[in-house]
Amino acid sequence: MPVQGTLFESPASQPLAARLRPQTLEEYCGQKHLLGEGKVLRRLIESDNIGSMIFWGPPGVGKTTLARIIAGRTKANFIDFSAVTSGIKEIKQVMEQAEKNRRFGEKTILFVDEIHRFNKAQQDAFLPYVERGSIILIGATTENPSFEVNGALLSRCKVFVLQELKPEELCGLLHRALTDERGFGGQDVEISDELVEAIANFADGDARRALSTLEMAVLNGKTEGGKTIVTEEDIEQCTSKKSLLYDKTGEEHYNLISALHKSMRNSDPDAAVYWLARMLEAGEDPLYVARRVTRFASEDIGLADPRALEIAVAAYQACHFIGMPECSVHLTQAVVYMSMAPKSNALYMAYERAKKDALTMLAEPVPLVIRNAPTKLMKELDYGKGYQYAHDSADKLTNMQCLPDSLVGREYYRPTEEGIESRYKARLEEIKAWKKEHDGK
């Protein structure tokens, strides 16, 4: 017996953004750089000849909508998949069905919303099917795919960057919502162009936010003689607490952590605390911030103040123990300390110099003198021959060569005079002087 529908399942009960979701490319708002006449993505969609691709952009710019428009135009089997509710078991079931379809000459398009939420193992499960052509993968993400999508999978997908909607595009969308029967076209709504523009500017390029704000304003407008009048006061009430421009799964996530990092590097504690507050009050994971501060302690301070790393790790542990909002003060302590500490990037630069040699000189053999010799054959091959145990010398130093022959004389760590790193610099100079004096002895 079929289940009877309810009032709450009717289209009219859906949010305005859902009711007004574009059904065709002609209704689609924005992204003219991809979907304008003659543009590559539009041609691929119109010819039903798309390949695996990823839509990357901030919330509310039409990533999911574009995938559904493709679903409505393609002759392929279209499967809508959510990274939030699906695991490897569900992935494999869908992939097996797609493989069967392929054998019968049928294409399968798999749309994965929020693909960045899949872990590496889940993303890997797609890879062989994408390679074989069993599926055409369309992923949508608010996060930079370079960071969140496996390299092997990413290399097989074309990335299309969707941009924030311009205020004039949002104004057009809002005017359509006021006239379209799926929106408020069946009502007599009075709202000035200036107020429509105010909503568009408030929305920060997010169509969903713009439509939700308009809907709230209309529903709270004053009714007179069958007409709904939306006033400036109504708009002010709907936008009085503008949500922080921050999406912790989007590019702004990286912009703000960059701002925090660079403010600390510039020894500006006020700016650093501001960016910290921006992230935490917007819902950022305090452990993520603590990890970045810990990185900063060695990358930008290092041995100029070794205590910086201790404080960063202690702040991470405090965040782990008590969480938000209490741990905000621990992170503030760490951030201010990092800002005020003497700065040195000598450790970071030392590793970068060594990394360059390590990557370009992969075949350099370990000197025999510092090789381990656990077997008789190794000893016969002079493994470990001539090894000098530093603790046996009065100065706890030896002139034993530890770098490969081709790298003798390389200097990776170059200490600065900042903070107490000057002590390490003096000590390193003493060590080098001793080795020079005892060279060949």
Exercise for review: Take the range 250-406, compute every pairwise Cα distance, and split them into 10 Å bins from 0; I just need the percent in each bin.
Suggested key: 10, 28, 21, 16, 17, 8, 1
Point to revise | Charge-dipole axis of the range 370-441 as Lys and Arg at +1 and Asp and Glu at -1 on Cβ define it, positive-most pick from A426, G384, N399 | key: G384
Review point. Could you give the angle, 0 to 90 degrees to the nearest 10, between helix 269-281's Cα long axis and the longest principal axis of the Cα atoms of the chain?
Key: 50 degrees
**Study point:** Surface share of carbon and sulfur [accessible, 1.4 angstrom probe, percent] for the chain
**Key:** 53 percent
Practice item. Take the Cα gyration tensor of the range 110-243, multiply each eigenvalue by 5, square-root it, and list the three semi-axes largest first, rounded to whole angstrom. Key: 42, 15, 12
Review point. Under a plain spin-label model, where a point goes 7 Å from the Cα along Cα-to-Cβ, how far apart in nm are N201 and Y389?
Key: 7.7 nm
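On full extension of the chain, what length is gained from R307 through E168, given 0.36 nm per residue of separation minus the C-alpha to C-alpha distance? Working shown, then result.
Values: separation 139, 0.36 × 139 = 50.04 nm, distance 5.21 nm.
Between R307 and E168, full extension yields 44.8 nm more.
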**Study point:** Projected area, mean over directions - the range 190-241, Cα convex hull, nm²
**Key:** 3.3 nm²
Review point. Taking a probe of 1.4 Å, how large is the accessible area per residue of the range 205-354, in Å²?
Key: 50 Å²
Study note, to complete from the structure: Note on the range 357-441: alpha-carbon gyration tensor, axes a ≥ b ≥ c; rule is a/c under 1.5 for rounded, else prolate if a/b larger than b/c, else oblate; result oblate
Check your understanding: Which order, highest average first, do 407-414, 292-299, 25-32 follow once you tally other Cβ atoms within 10 Å for each residue and take the mean per peptide?
Key -> 292-299, 25-32, 407-414
Check your understanding: Where a Cα-Cα gap under 21 Å defines reach, which lysines qualify for K425, not counting those fewer than 8 residues away within the same chain?
Key -> K343, K396, K435, K436
Study note, to complete from the structure: If one compares the long axis through the Cα atoms of helix 88-103 with the longest principal axis of the Cα atoms of the chain, the angle in degrees, nearest 10, works out at 70 degrees
Study note, to complete from the structure: Taking a straight Cα-to-Cα line shorter than 16 Å from K92, and setting aside same-chain lysines fewer than 8 residues away, one finds K100, K120
Practice item. With Rg/Rh (Cα atoms, Kirkwood Rh) in mind, check [x] 1.11; [y] 1.00; [z] 0.95 and report the label derived from this structure. Key: [x]
Point to revise | Residues listed by number, the range 255-295, amide nitrogen under 11 Å from Y348 label point at 7 Å toward C-beta | key: 261-266, 295
Review point. Taking K39 as the anchor, which lysines have their alpha carbon closer than 22 Å to its alpha carbon, excluding any fewer than eight residues away along the same chain?
Key: K63, K75, K158, K166
Practice item. Write down the Kirkwood hydrodynamic radius of the range 96-170, to one decimal in angstroms, obtained as one divided by the mean of 1/r over all alpha carbon pairs. Key: 13.7 Å
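Once every DSSP H run of n ≥ 4 in the chain is given -39500 (n - 2.57) and the sum is divided by its residues, what mean residue ellipticity at 222 nm do you get, rounded to the nearest 500 deg cm²/dmol?
My calculation for the chain gives -14500 deg cm²/dmol from helical runs alone.
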Study note, to complete from the structure: To the nearest 20 debye, the chain has a Cα-centred charge dipole, built from +1 on Lys and Arg Cβ and -1 on Asp and Glu Cβ, of 2140 debye
Exercise for review: Run the 1.4 Å probe and let me know the accessible area of D204, rounded to the nearest 10 Å².
Suggested key: 50 Å²
Check your understanding: In nanometres, what is the gap between the two model label sites at N255 and E90, each 7 Å from Cα along Cα-to-Cβ?
Key -> 3.2 nm
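The values are calculated or read from the model by the stated rules, or taken from the named source; none is laboratory data. Just so it is clear, the model here is predicted, and its values are computed rather than measured. Note: ideal-geometry Cβ built from the backbone for every residue, glycine included; neighbour counts use all protein chains shown. When the accessible area is computed, the model is the full protein with side chains, heavy atoms only, and any ligands, DNA or RNA have been set aside. Shrake-Rupley method; radii C 1.70, N 1.55, O 1.52, S 1.80 Å.
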